Amino acid sequence: MSAVLAAERPQVVSHVQQALSYTVFDCKWVPRSARLLCLGSAARGTGVLQLYELNGARLQLLREIEKPKPIKCGTFGATSLQQRYLATGDFDGNLNIWNLEAPEIPVYSVKGHKEIINSIDGVGGLGIGEGAPEIVTGSRDGTVKVWDPRQNDIPVANMESVQGESKRDCWTVAFGNAYNLEERVVCAGYDNGDIKLFDLKTMSLRWETNIKNGVCSVEFDRKDINMNKLVATSLEGKFHVFDMRTQHPTKGFAYVSEKAQKSTIWQVRHLPQNRDIFMTSGGSGSLHLWKYEYPAQRSKKDSEGCEMGVAGSLSLLQNVTLSTQPISSLDWSPDKTGLCVCGAYDQTVRVLIVTKLNKI
Amino acid sequence: MCLHERVEFMGDESVPYFLGEGTTKTYQIPISHLDYKFIEKCTDVKHLEKILRVLRSGEEGCYPDLTLVCEKRIERLDPRSRALRKDKPPATASDFTAGEWQAINSELMNWLTEMNEDDRKSQLMRTDTPNERQDNLPPVRCSSSCLPTNQNKKLQNKQRSKKNIPRDYSEWDKFDVEKECSKIDEDCEESNSKARFFSRPSLPIIEKKIDTIGMTNRDKIIIATREKEKGNEAFASGDYVEAVTYYTRSLSVIPTAAVYNNKAQAEIKLQDWDNALEDCEKVLDMEPGNIKALMRRATVHSHLQNYQTAIEDLNKVLSVEPKNTNAKKRLLELEEKLKSLKPVSEPQGKGKKILIQEIEDAESGEGRGENTEECERRGGGSGAAAAARAGGQRAMGNAHRKSHGKGGKARDRDAHKNQDSAESRLKKGEPEKKSEKHLSDHEGEVNGFLRSDEKSESAEAEISEPPREESQSAGSGSSTALPPTAAKLKSEGNELFKSGQFGEAVLKYSEAIEYVTSLGEQRPDDLSILYSNRAACYLKEGNCSDCIQDCNRALELQPFSLKPLLRRAMANESMERYRQAYIDYKTVLQIDSSIQAANDSANRITKTLIDQDGPSWREKLPPIPVVPVAAQLHRWDGGSLTSENKPSTIDINREEQLQMNCEEAVEKFKRLKNEGNDFVKMGEYEEAANKYSECMKLNTEECTVYTNRALCYLKLYKYEEAKRDCDHVLQIEDSNIKAFYRRALAYKGLQNYQASADDFSKVLLIDPNVLEAQKELEEVTQLLHFDGSAGAGSQQTHGKKITIQEVTEADEEEERQFATSEDAETRRVPAEEAVPKPVPRRASEKRRVSEPPNAYDFGQMINALNANKDKAACADLLTVTDPKTLPVLLSNKLEGETLLIFIQSLEHYIAGKDPGLAYQHLFYLSKAERFKVVLALLSKNEKGEVQQLFDLLSKSWSDQYSLEDLESLKKVYEL
């Protein structure tokens, strides 16, 4: 039976498994290379940054760097393809940008937040997204800040709750809508289920909603197009796909939701080569590969004549269980379709090959 | 508990008792349901999922086989069922065939080696590349305002600069959408930044080009690929405009055949035939045998009605892939189409493009060129405009409207039918429209009236947009006559109609009708209008059968009213009752031949009927009723729109009698006239004139025949006869604008400039918007002055060949070719009074030697020149054309024939006089698209021609070029 299935559906092959001696929080492919980075926290409370190279059927450790604070997250999104500087957020609220060739001192450093930076995203680099290179960080201190590596010490935009009000823990941030020099949005997800969409062009809150459970991960299907879809995953195993093309004045964006598993969905990552395919990683150590199918008409008029979006449907292409522990991070290779790395709390990083993605 | 009942029912009926009583622990499912037979029969997925869960849990025992059966059953009923999702381990080698597994691994290894090599290279380069792109980057956000020392201040700064924009959550939370919305309504100026909050900009502005400065080749490949992927994704989601944008971006980085091909496909979806064609051709330039591009080009050609070319493309596909079923199917379709079109015209080697032009010519022979699409867009409301865009046809619009309406089932069915027919027409009708549009634009230049028609024809608007004029003419015109209640109801109905609420409008009109009938008074005209209006509503709703009924009633009350006839025709057309529709359109045209939509529709239906009934289609038509003369209108000014009241005086009996008597004659008349029109279409003006003359024997009252014959005479340079015909028309109808216009042209031809100017002014008096007449008037006035001073015999005119030619011809008296309007000012007018003589009709093409405004017109001229091999005219054309514009004007239409005639006319006419110009033309000609290809295809003799031209140029001298220039150009011409 599996042979039949293999002929039609994408298969997830666990290509390499690499046990680590620390807790891995994030792993990232170095753009335009066969190298990958693992970021995490060593047992003695320091930060670890490891650079591996995929070498046939094994991962070869090229470099290990220790930093004083555990590193929670990283991105290459705001760097040029030539430089490939890594931006990281650590447990202490520091935003650092590293030159991996000379990682001793950061090329840019700022104490951006009072507490841990949970999430980081970049845009404007790697040829993805028009406009200035910018980094957004979301922190437990409740603020979301946008940074330009060319401006030291202070963020270029800051989104925080007013004083006196209870601060919400920001768990995830993502850039989107960067299709020309002016337009850009930041989407942030919070522990109480709030999702907020900030428009950086008009410096305003464009939309917000609440999905009832903590928002673990948000991502636009592509950062550099007129925003199309947004996936938000939640603590209790559901995720929502919003069609971001049509915003209704009161109803906001149309969405479809799906329950992948009983446990938290930690991450969602869209396939860089096809925006309608994405993978979610779950608390039970499972991965689900989904495809979004558009409805015949993406928008319709409501009774008052306002345009409102129509959500499409989701189909599960494949699911696999890799581990007993949550898979906390996931990254598709931007260069090789179907190549994927994921880090799990069983202190293992896995390189996966997903087959037949170009035949869907 | 529906489910429960169902379960019980099933248990009772179909499951034999064998396991004993009892239910499962978790879901209380009867134990008897855990059974092969039950599972095989059960269709309730929910219930099956529960069973599966029970089986998987093992609480009732472990039955692996039964579990599998249950899974399969669910999978068959609902492949997406969540219960089927199982935790699966990642795939391993055993899940693949050996080959697949190897392929996966080797693919990865290849990529790894590629990456490593790449890495090494880029490492070498890295030292000199950093910060390269920094200069191109946009400024740091908000850094333009002075940087504040702390964040709070900065926030305030921002707040000040962008007032009313909330800054933090609490403010965001307080954000009152309603209030803000109303604020926007009040204050438009301020809405700029916030409006996008609520209504997104209609189209995102995406740069069409990507700045590739400082990028390495590899960067470019990556970017181009990514943009292509974005295009593919947009295409997949149905957003073709965006897809085209991203393909364009990809092409701006690296042009590849595949992306051009994809772009062509997206453009086909957008029905942007021209660009699609261009892109297909680019693909084929790069990859001459590209099947997809050939298929796509065939599609485009068939939509542009170039069936012959389309067939050629399909044949090419089939020669490469003989088993391509899609191509075969399309080829068959096209061949059929081509066959069905043949009877319309003489078989032409030139293919379809010419054919359309000729048809259009004939239409303009009737004095009109128009297109529904355009007038609909102009006249209709936004909804109608959108519909017009989608379908280009009213029927489509109706279908659209209807599907939004709240109609009952019957209506819905109707809508589907309509939509079908509209769609089927969309296939052939729409592109036809498009090309017609181009053509009519062009014809406007050639044939005076078109422009004016398009501009001023409210008769067209009348059809495309019944609401407004309806309420104007009917509402204001006759509401005085109606009893107040009915008048009020009617105007309410009109209002509703205008706002697009057709259903409500129907109710109002029905009330009004009821009211009027209940009065018992004889108000046939009012009632007729009411019925007609209601019919318009039904038509808009797509309720064709009711529309027809109402039209019938209206026509009973008011025979030969224009609008009900038109509406009935449209309704019939959308119901695919083409014969009835044809009859109605023809009747309409008898009443008012100036209604272009009717003209067009009749033409369209003719085609459909030919398709349907074959060449003898006319025999199957019911007789076309004869319209009494009194009901006929030949309005050109379009000012008076109310036609409904006109025929009111007619005694029906008398008219019926007339009809009986005239029926035969009218049939014949119609036939002759049509034949005449056909001849005009083919350019056989003599024959056409003969036919029209025969027509006149049957009916001396029909003005169109005279105006048409006048047109033929004009084309034949028989100005005296043309003038006579126009005079006749003007006797019958003293404000026939067409007749005035043509008489003016005739006078001009007779060199009676004063009279000509008078007539042109009359045309402008009747309709000041007739641009052609304005232009002509200017020219004629100029000529008048010129004529006056001609005695002086000033020789300053440019030594143009045509001038000389003319003078010599004029010497032979009467032999002079009459020249014409557009270029008249460029030539000297001989003093002798010359009577024009008929010349072969081809010479008429000589007329147009004005500078071509666009590539399309230029192409048309070239086609004409090629057909005549008229080098002199070509030389004239080249003289007035700026050499620099040649590549643009030629676009991708350069062909061997064209090149040759250029070369010849340059050699024979221009090189001698103005070698500089000849050189310039040659130079820019070599910059035209397809030049290389065309050049490669030249025969030896033709190359000889080119060589001769170069020889000639090297002998003569001009400051515009040196011999070196010439030599290098020669190389370009591969000599």
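Bear in mind that the values in this text are calculations on the coordinates, not laboratory data. Every value quoted in this text rests on a predicted model; they were computed, and no experiment measured them. Cβ sites come from the backbone with ideal geometry, for glycine too, and all protein chains shown count toward neighbours.
Taking every alpha-carbon pair under 8 Å whose residues sit at least 6 apart, the stretch A:20-127 reaches a relative contact order of 21 percent. For the segment A:217-224, counting C-beta atoms of other chains within 10 Å of every residue's C-beta and taking the mean gives 1.
Across the stretch A:37-128, the convex hull enclosing all Cα atoms gives 111 Å³ per residue. Placing +1 on each Lys and Arg Cβ and -1 on each Asp and Glu Cβ, with no other charges, gives the stretch B:202-295 a dipole about its Cα centre of roughly 300 debye. For the peptides B:567-580, B:721-734, residues were scored by their other Cβ atoms within 10 Å and the scores averaged per peptide; the highest-first order is B:567-580, B:721-734. Peptide A:311-320 has a mean shielding of 2, counted as Cβ atoms of other protein chains within 10 Å of each residue's Cβ.
Kindly provide the GluC sites (Glu not before Pro) of the stretch B:506-562 that DSSP labels as loop, not H, G, I, E or B, and whose Cβ sees at most 12 other Cβ atoms within 10 Å.
Qualifying residues, ordered by number: B:GLU521.
If both residues of a DSSP beta bridge must be in the stretch A:306-360, then about 100% of such bridges are antiparallel.
Considering only A:VAL156, A:VAL185, A:VAL24, the Gaussian network model of chain A with Cα springs below 10 Å gives its largest mean-square fluctuation to A:VAL156.
Need one word for the stretch A:85-201: rounded, prolate or oblate. Basis is the Cα gyration tensor (sqrt eigenvalues a ≥ b ≥ c); a/c below 1.5 gives rounded, then a/b vs b/c decides. Verdict is oblate for the stretch A:85-201.
Counted by Cβ distance under 14 Å from B:SER106, the other residues give a net charge of -2, where Lys and Arg count +1 and Asp and Glu count -1. Under the convention that each Lys and Arg Cβ holds +1 and each Asp and Glu Cβ holds -1, the size of the dipole of the stretch B:923-975 around its Cα centre is about 240 debye. Could you give the distance between the Cα centres of the stretch B:299-327 and the stretch A:154-207, to the whole Å? Here the two parts' Cα centres lie 54 Å apart.
Peptide A:202-209 is shielded by partner chain Cβ atoms: per residue, an average of 6 of them sit within 10 Å of its Cβ.
Take the Cα of B:ILE213, step 7 Å toward its Cβ, do the same at B:ARG671, and the gap between the two points is 7.5 nm. Would you work out if chain A is rounded, prolate or oblate? Take a ≥ b ≥ c from the square roots of the eigenvalues of the alpha-carbon gyration tensor; rounded if a/c is under 1.5, else prolate when a/b is larger than b/c, oblate otherwise. Taking the square roots of the gyration eigenvalues as a ≥ b ≥ c, chain A is oblate. Modelled this way, with points 7 Å down the Cα-to-C-beta line, the labels at B:LYS775 and B:LEU84 are 6.7 nm from one another. Protection proxy ranking of B:751-764, B:59-72, by the mean of other Cβ atoms within 10 Å over each peptide's residues and highest first, is B:751-764, B:59-72.
Given the peptides B:272-279, A:129-136, arrange them by the average over their residues of other C-beta atoms within 10 Å, most packed first. The partial results should precede the final answer.
Working: B:272-279: 20.8, A:129-136: 25.5.
For the peptides B:272-279, A:129-136, the packing ranking is A:129-136, B:272-279.
Counting only Cβ charges, +1 for Lys and Arg and -1 for Asp and Glu, the dipole size of the stretch A:291-360 around its Cα centre is about 320 debye.
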